[in-house]
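One structure is given here, and the rest of the page talks about it.
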Amino acid sequence: MKPGFDFQRILETRDVQPGFFMAPLYFQTLAAIAVSLSVLMAGAWVVQQRTGNSGRVDTVWTFSLGLVLRPRPGSTASSPSRCSRT
């Protein structure tokens, strides 16, 4: 047996929880969303400070959410037009 951390052996064991390996992916995704929105809102704050128009912050927030939270190609999120009605 080789010294070190053997991912293959861990993946082959069946005694781990089903969602165990997905948790870090979810945390990384949430962290990326939080950082992205923070950077975009910091930009909105700069615009507000320079122009004195606080109404632009709402517009930037709306477009930031749409930009960061949009479904990616190949994701499992389904659009309403693709949902089948039975």
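The values are calculated or read from the model by the stated rules, or taken from the named source; none is laboratory data. Not measured: the values here are computed from a predicted model. Quick reminder, even Gly has a Cβ in these numbers, built from the backbone with ideal geometry, and neighbours come from all protein chains shown.
Return the residues of segment 54-69 that are of a type outside the set (D, E, K, R) and part of a helix (DSSP H, G or I); say none if nothing qualifies.
If the condition is that a residue be of a type outside the set (D, E, K, R) and part of a helix (DSSP H, G or I), then GLY55, VAL57, THR59, VAL60, TRP61, THR62, PHE63, SER64, LEU65, GLY66, LEU67, VAL68 are the ones that fit.
Among the conditions (1) basic (Lys, Arg); (2) modelled with pLDDT of 90 or more; (3) surrounded by 10 or more Cβ atoms within 10 Å (Cβ to Cβ), the only one that ARG56 does not satisfy is (2).
When restricted to residues that are exposed (fewer than 12 other Cβ atoms within 10 Å of the Cβ) and either polar (S, T, N, Q) or touching a residue at least 24 places away in the same chain (Cβ under 8 Å) (or both), segment 23-49 contains 4.
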